[in-house]
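Some notes on the structure that comes next.
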Amino acid sequence: MSLNKFLYAFIFSFSVFYVSAQDILMQDGTFNQCSGTFFDSGGSSANYSDSENSTLTLCPDMPDMRVVLEFVLFQVNNDGDDQMTIYDADTADPGAILGTFTGDLAANPELASITASDANLTGCLTIEFTSNTFFEGEGWEAIISCRPPCQVIEAVIDDISPSTFNNDIYTVNLSQTLDFSASAIFGDGFDAGATYEWDFGDGNTATGQNVQHTYTNIGTFFVNLTVTDANGCTSFNTLNQQVDVIFDASEPGPGCPNVTGEDLLFDCDIPDTATLNSSFLVTGETTTYRVDPIQYAPPFPFTGLSNPISVNTDDVWSPVIDLPFDFCYFGTVRDQIIVGSNGLISFDISNANGFNNWSIDPGDTLPNNSNTSLSEGNIMLAHDINPNVSSSNPEIAWEIIGQAPCRTFVVSFSNVAHFSCNDISTSFMMILYETTNAIEFYIDNKPVCNSWNDGLASLGIQNDTGTVAFTPPNRNTGVWNATQEAWRFTPDGTPNVTFEWFDPAGNFFSSSPTITVPVNGDETYTAVATYTNCNGNQVVVSDDAVIDVNPQFEVTLDTPNPFICSGSNTTIDAEITIPNDSNITQNDIEYAWFLDGTPLSDDTASIVADQGGVYTVEATGGPCTLSEDITISVAEIPEITIPPEDLTVCGDFTLTQTFDLTQNDEAALGI
């Protein structure tokens with residue numbers, strides 16, 4: 001007897017008169033009850049016996065209910081003959097078997113809760129047990145209960161956003177954080193405590209009515225949702241909602257024809273003039289190239305590209321790939337390429353499907369026309385890698401991404417193991433741009449295999465004859481590693497791009513990327529760059545530079561009288577005007593006052609001025625501090641120092657007489 005059963009028997013002995021009628025031992029017969037405990041034939045204190053063969057049916061003691069068994073102990077010898085079979089019926093119907101069980105609970109997790117199904121109108125479970133003539137087991141212990149039949153639950157996916165939805169298919173962008181929202185229709189209206197379990201179809205799951213998920217691979221996935229109510233009843237419908245994950249090529253790569261005009265926002269002090277800046281990709285003819293490090297921000301995915309090549313095949317050139325655009329390279333228009341499995345692109349299509357050599361010696365640098373490992377390639381991160389090593393989950397694939405006039409040829413080498421060093425792998429991509437004819441490398445990881453090929457690798461571009469090459473510093477043939485590194489090779493011959501600014505009226509303003517313009521309120525200037533490809537095609541790109549005058553508030557000073565007499569005063573009020581769309585309120589404004597530059601103690605919107613001079617207020621609200629000045633003039637009170645002279649006019653006063661009072665000005669003014 002096990003210790004567990006002994007302890008249970010000890011406790012049971014004190015309560016048997018309360019529950020003995022509810023406990024059932026394994027035997028032949030039918031019992032109707034929804035409580036108590038179901039034991040093996042040995043009960044709570046002994047093992048089951050050998051050579052048993054019993055069938056017990058357990059039915060609910062109330063109408064329209066379903067029996068539930070929750071096993072808390074299960075130990076049946078798994079020697080092949082001791083086993084329990086449970087039927088979803090009131091008989092041992094072979095077509096209603098829920099399962100056959102032997103061993104322990106760990107091996108049979110479904111025994112945690114076995115229930116009669118809603119379709120089983122009897123609500124009964126039938127248990128069949130057999131044992132052999134040899135070893136007996138500890139047996140089992142299961143709690144008996146009943147539940148009402150499940151309500152009908154229909155799971156509903158309400159939305160996946162951001163996305164487009166057409167023909168019952170959601171289309172979403174790779175690496176975009178998506179919001180998944182759901183609801184359910186509950187047949188009985190009982191939704192309290194319901195749980196929502198999502199399966200995104202890519203091996204990831206989540207719980208919640210509203211969840212987020214990000215797909216990291218391109219492809220088609222089927223999303224499912226299971227809704228479970230507080231009684232354990234689950235939704236009946238399987239959704240299999242199709243979600244297509246694509247790469248969003250609406251944003252062109254950084255090597256495309258581009259121009260940006262700098263926007264300016266003036267929300268504090270409004271200047272009389274402002275400086276506008278523009279930038280654009282400067283290109284030239286493909287007679288020479290400049291090599292620049294660029295930000296490591298791969299514009300396209302490393303995996304999931306549409307056209308796999310070199311699948312499980314080492315040291316091979318791809319079939320011919322037709323470019324849908326003219327690509328200018330070292331002064332020649334190219335429209336076909338091949339890709340080598342050791343990290344090369346070539347315009348010599350005669351090697352298509354042929355052997356891509358791998359051997360590099362320390363002296364084999366770019367340019368090279370003697371070692372076919374390098375000389376057969378034009379654009380390369382050449383080193384001996386092996387896509388036949390499946391353990392690294394390698395992928396070499398290409399795709400045309402984008403729209404004219406800036407389509408791109410993208411080839412990605414993802415997790416391709418090094419030959420002879422299968423535990424390390426390289427991931428990088430090469431991009432060829434339409435119109436600009438720029439070439440970019442994005443290297444996620446390029447380790448060194450010191451035990452093979454002397455650990456050598458070469459990154460760069462060269463002409464067809466292998467006489468001219470361009471490489472980044474310290475990246476020609478040598479032993480080097482790289483992590484999240486990027487380079488751009490830009491045609492740098494005679495310039496083939498022109499630049500212009502146009503004013504708000506659409507008139508030509510300047511050809512300088514940096515200009516000074518008047519600030520007359522909200523206005524828009526347009527930066528325009530015109531690229532001329534080697535095939536004669538012209539591409540015009542433009543961008544608006546917006547001057548946005550949107551003050552958070554304005555301050556003015558007002559006084560009833562800027563001229564006062566000595567000994568008197570006047571009030572100066574700071575009046576604040578706040579636009580409707582401002583984030584500032586009147587209560588946010590703080591004030592500081594100055595007289596001829598000397599701080600005053602006043603900190604309110606008004607001040608009493610009793611001295612002459614320049615009064616300045618500084619009003620601060622949010623990020624802005626604005627100032628305004630007003631001059632107060634003080635006049636001295638006139639003092640009469642010389643008595644004025646009397647003015648006399650002689651005559652008969654029959655006519656109007658005129659007196660010149662200004663004769664006393666000097667006396668009255670004391671001057």
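The values are calculated or read from the model by the stated rules, or taken from the named source; none is laboratory data. Predicted model only: the values in this text are computed from it and were never measured. No Cβ is skipped: glycine too gets one built from the backbone with ideal geometry, and neighbour counts run over all protein chains shown.
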GLY612 vs. criteria in contact with a strand residue (DSSP E or B) (Cβ under 6 Å, 6 or more places away or on another chain), buried (at least 17 other Cβ atoms within 10 Å of the Cβ) and at negative phi
yes
Pick out the one residue from VAL541, VAL617 that is assigned by TED's automatic domain parsing to the domain that holds ASN520 and either of a type in the set (Gly, Ala, Ser) or crowded, with 17+ Cβ neighbours inside 10 Å (or both).
VAL541
Which residue is nearest to THR57 (Cα to Cα), if the candidates are limited to region 85-114 and must be free of Cβ contacts under 8 Å to residues at least 40 places away in the same chain and of a type in the set (S, T, N, Q)?
THR91
Check on SER359, surrounded by fewer than 24 Cβ atoms within 10 Å (Cβ to Cβ), in a helix (DSSP H, G or I) and either assigned by TED's automatic domain parsing to the domain that holds PHE302 or of a type in the set (D, E, K, R) (or both)
no
Take the residues of region 298-350 that are among the small types (Gly, Ala, Ser) and assigned to a strand (DSSP E or B): which is surrounded by the fewest Cβ atoms within 10 Å (Cβ to Cβ)?
SER346
Failed condition for SER601, given (1) polar (S, T, N, Q); (2) surrounded by 18 or more Cβ atoms within 10 Å (Cβ to Cβ); (3) over 30 Å from ASP492 (Cβ atoms)
(2)
Does ASP543 meet the test of being assigned to a strand (DSSP E or B), touching a Gly at 6+ places or on another chain (Cβ under 8 Å) and in contact (Cβ under 8 Å) with a residue 60 or more places away in the chain?
yes
Pick out the one residue from GLY466, GLY493 that is small (Gly, Ala, Ser), in contact with a helix residue (DSSP H, G or I) (Cβ under 6 Å, 6 or more places away or on another chain) and closer than 28 Å to GLY284 by Cβ.
GLY466
Taking strands (runs of 3 or more DSSP E) that fall entirely within region 191-296, which contain at least 2 residues that are of a type outside the set (S, T, N, Q) and under 25 Å from the mean Cα position of the chain (by Cα)?
195-199, 210-214, 219-228, 241-246
Subset of region 67-125 [within 18 Å of ASP28 (Cβ to Cβ), in a loop (DSSP other than H, G, I, E, B) and either assigned by TED's automatic domain parsing to the domain that holds ASN231 or among the hydrophobic types (A, V, I, L, M, F, W, C) (or both)]
ALA89, ALA92, CYS124
With the structure loaded, tell me whether ARG475 is buried (at least 21 other Cβ atoms within 10 Å of the Cβ), over 19 Å from ILE360 (Cβ atoms) and of a type in the set (D, E, K, R) or whether it fails that test.
no
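What do you reckon, is PHE508 among the aromatic types (Phe, Trp, Tyr), free of Cβ contacts under 8 Å to residues at least 60 places away in the same chain, outside the structural domain of TYR442 (by TED's automatic domain parsing) and surrounded by fewer than 13 Cβ atoms within 10 Å (Cβ to Cβ)?
Considered against the rule, which asks whether it is among the aromatic types (Phe, Trp, Tyr), free of Cβ contacts under 8 Å to residues at least 60 places away in the same chain, outside the structural domain of TYR442 (by TED's automatic domain parsing) and surrounded by fewer than 13 Cβ atoms within 10 Å (Cβ to Cβ), PHE508 comes out as yes.
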Please verify whether ASP444 is assigned to a strand (DSSP E or B), farther than 17 Å from GLY255 by Cβ and assigned by TED's automatic domain parsing to the domain that holds GLY402, treating the condition exactly as stated.
yes
Apart from one, (1) without any contact (Cβ under 8 Å) to a residue 12 or more places away in the chain; (2) loosely packed, with under 13 Cβ neighbours inside 10 Å; (3) under 22 Å from ASN258 (Cα atoms) all hold for THR514; the odd one out is (1)
